[in-house]
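Novice: Below is a structure I'd like to ask you about.
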Amino acid sequence: LAHSHEPLEPALVFTHPSELTEHLEMLLPENSKIFILTDSHVAQHCLPYLLNENPILENVDIIEVEPGEGSKSIEIVQQLYTHLIENEADRKSVLLNLGGGVITDLGGFVGSTFKRGMSVIHLPTSLMAMVDAAIGGKTGIDFLDIKNCIGTFSSEITTLVYTGWLDTLPEEEWRNGWAEMIKHGLVADRVLWQQIKHYTMPIAPEIVAWNIRIKEEIITADFQESGERKLLNFGHTLGHALESYFIASSTPRAHGYCIAIGMLVALRLSVRHTQLALAEANEAATLLTKALLPQLAQHPPFAELVPFLAQDKKNLNGELRFTLLEKIGTGTWNIPIALFDLEKAYTEVLEALAG
Ligand SMILES: NC(=O)c1ccc[n+]([C@@H]2O[C@H](COP(=O)([O-])OP(=O)(O)OC[C@H]3O[C@@H](n4cnc5c(N)ncnc54)[C@H](O)[C@@H]3O)[C@@H](O)[C@H]2O)c1
């Protein structure tokens, strides 16, 4: 059966807080209960400003979780459902997810499943969430150390991006979001790549909006990830396995870091399997290494990643399928890769990084 293409509401990008206020006032129904889900960092850096600027949020119910990937868990989901029930949330209640990708993934999952779906508005505060996690309706939590093992595709979520939140974002988190912007340039937009490769922080709101457009265009063509949306998985097959490994061994590493390693591996595979020019692979690898990997972690031997690779959602009949590049700006997907070839590329990347 072909998947239906659900309409996706485009995210709105604002640079002035009054625009956010205006839209919140339009979107929040009178007399409905409003909940804000956030983490304790964002509660400190962004929440007071949001509440000050928006009198409509005066009686809001604030739910705070610990920052970090650990909050994307079934235990926290249970606590959130319990809180919503105890505080009489109904399907007309609104859940505002104020935070990075952890909060938008977690809150998106809770909101899209509670009573079969309550109103959800994402207010992404990290670069990663603005250009990626809060765009496109994918929600999810981790389970048994497997990244994003349980989740939904929801076309009901509204995303309001106020770029002013980025003022307080720590440098490492900038880097994280940058990883996904580099990915967008590599798989879909050579012109963006030309811009992004020379970019320094802070990143301009127009570049944020450009990245959102790229992701939305891909998703509009393929909401349920049966084809083109797999472009967005560039670097994510190995990257997610590595991230899952780090989570399982209680030494979590940033998503952007793991994806950068995954992209370095995918570049080598692209040269061998999809005719990416070596010069282009080297150009991309140089930027990824310089921008995203300033402090290298201890990387596990390949064998430790194999159980996590087996869980990749793109696998077909037990075979690994990769998103690779034909040239910078043009990606391709569903390329079968043997474990042996992947191990070779991963080992080479680690040697080059150590080198
Ligand atoms: N659903 C999707 O399509 C999708 C896509 C990409 C990533 N993700 C998920 O997103 C998550 C990563 O997102 P992330 O990198 O935003 O992580 P995160 O949510 O953990 O945020 C990173 C850190 O930055 C802090 N922070 C966020 N905004 C801040 C601000 N304005 N000022 C100061 N501190 C701030 C947070 O408290 C946290 O400590 C992962 O779980 C990943 O799986 C989902």
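The values are calculated or read from the model by the stated rules, or taken from the named source; none is laboratory data. Predicted model, so just to flag it, every value in this text is computed and none were measured. Cβ sites come from the backbone with ideal geometry, for glycine too, and all protein chains shown count toward neighbours. Side chains are part of the model used for accessible areas, which takes the heavy atoms of the whole protein and leaves out ligands, DNA and RNA. Shrake-Rupley method; radii C 1.70, N 1.55, O 1.52, S 1.80 Å.
Novice: Quick one: with all protein chains in place, what share of the accessible area of region 110-163 is carbon or sulfur, to the nearest percent (1.4 Å probe)?
Specialist: On the way: 820 of 1640 Å².
Accessible surface attributable to carbon and sulfur in region 110-163 totals 50 percent.
Novice: Based on the mean of other beta carbon atoms within 10 Å per residue, what is the order of 234-240, 25-31, most packed first?
Specialist: Working: 234-240: 26.7, 25-31: 10.0.
Peptide ranking by packing, descending: 234-240, 25-31.
Novice: Using a simple charge model, +1 on the beta-carbon of Lys and Arg, -1 on the beta-carbon of Asp and Glu, nothing else, what dipole does the chain show about its Cα centre, in debye to the nearest 20?
Specialist: On the way: 25 positive and 45 negative charges, 213 e Å.
Approximately 1020 debye in magnitude.
Novice: Let me ask something additional. Using just the helices of the chain, give the 222 nm mean residue ellipticity in deg cm²/dmol: DSSP H runs with n ≥ 4 each add -39,500 (n - 2.57), and the total is spread over all residues, rounded to 500.
Specialist: Values: 13 runs with 163 residues, N = 355.
Value at 222 nm, helices only, nearest 500: -14500 deg cm²/dmol.
Novice: Cα axis of helix 171-188 to longest principal axis of the chain: angle in degrees, 0 to 90, nearest 10?
Specialist: 60
Novice: Give the ranking of Y81, Y49 by solvent-accessible surface, highest area first, calculated with a 1.4 Å probe. Could you put the intermediate results ahead of the total?
Specialist: Numbers: Y81 60, Y49 90 Å².
Largest accessible area first, the list is Y49, Y81.
Novice: Taking the alpha-carbon centroid of each part, what is the distance from region 285-300 to region 318-352 in angstrom?
Specialist: With region 285-300 and region 318-352 each reduced to a Cα centre, they are spaced 18 Å.
Novice: Okay, moving on. Roughly to the nearest percent, how much of the accessible area of region 225-317 is carbon and sulfur, given a 1.4 Å probe?
Specialist: Details: 1980 of 3810 Å².
For region 225-317, the apolar C and S fraction of the accessible surface comes to 52 percent.
Novice: Treating only the Cβ atoms of Lys and Arg (+1) and Asp and Glu (-1) as charged, compute the dipole magnitude of region 238-355 about its Cα centre; round to the nearest 20 debye. Each step should come with its number before you reach the end.
Specialist: Details: 9 positive and 11 negative charges, 37 e Å.
In debye, rounded to 20, region 238-355 gives about 180.
Novice: Which one, T139, T38, T168, has the greatest fluctuation when you compute a Gaussian network model over the chain with C-alpha springs under 10 angstrom?
Specialist: T168
Novice: Tell me, what ³J(HN,Hα) does each residue in region 264-277 have, in order and in whole Hz, if you take phi through Karplus 6.51 cos²θ - 1.76 cosθ + 1.60 with θ = phi - 60° and put x for Gly and Pro?
Specialist: Values per residue, Gly and Pro as x: 4, 5, 5, 5, 4, 5, 5, 4, 7, 10, 10, 6, 5, 5 Hz.
Novice: About the Cα centre of region 161-275, how large is the charge dipole given +1 on each Lys and Arg Cβ and -1 on each Asp and Glu Cβ? Please answer in debye to the nearest 20. Kindly include the intermediate steps, with their values, before the conclusion.
Specialist: Numbers: 11 positive and 13 negative charges, 103 e Å.
The calculated dipole for region 161-275 is roughly 500 debye.
Novice: Related question: Given the options V208, H198, I218, identify the residue whose Cα lies farthest towards the positive end of the charge dipole of region 129-260 (+1 on Cβ of Lys, Arg; -1 on Cβ of Asp, Glu).
Specialist: The residue sitting most towards the positive pole is H198.
Novice: Also: Which order do the peptides 57-66, 211-220, 145-154 come out in when sorted by mean C-beta neighbours inside 10 angstrom, highest first? The partial results should precede the final answer.
Specialist: Numbers: 57-66: 15.0, 211-220: 20.2, 145-154: 18.2.
By packing density, highest mean first, the sequence is 211-220, 145-154, 57-66.
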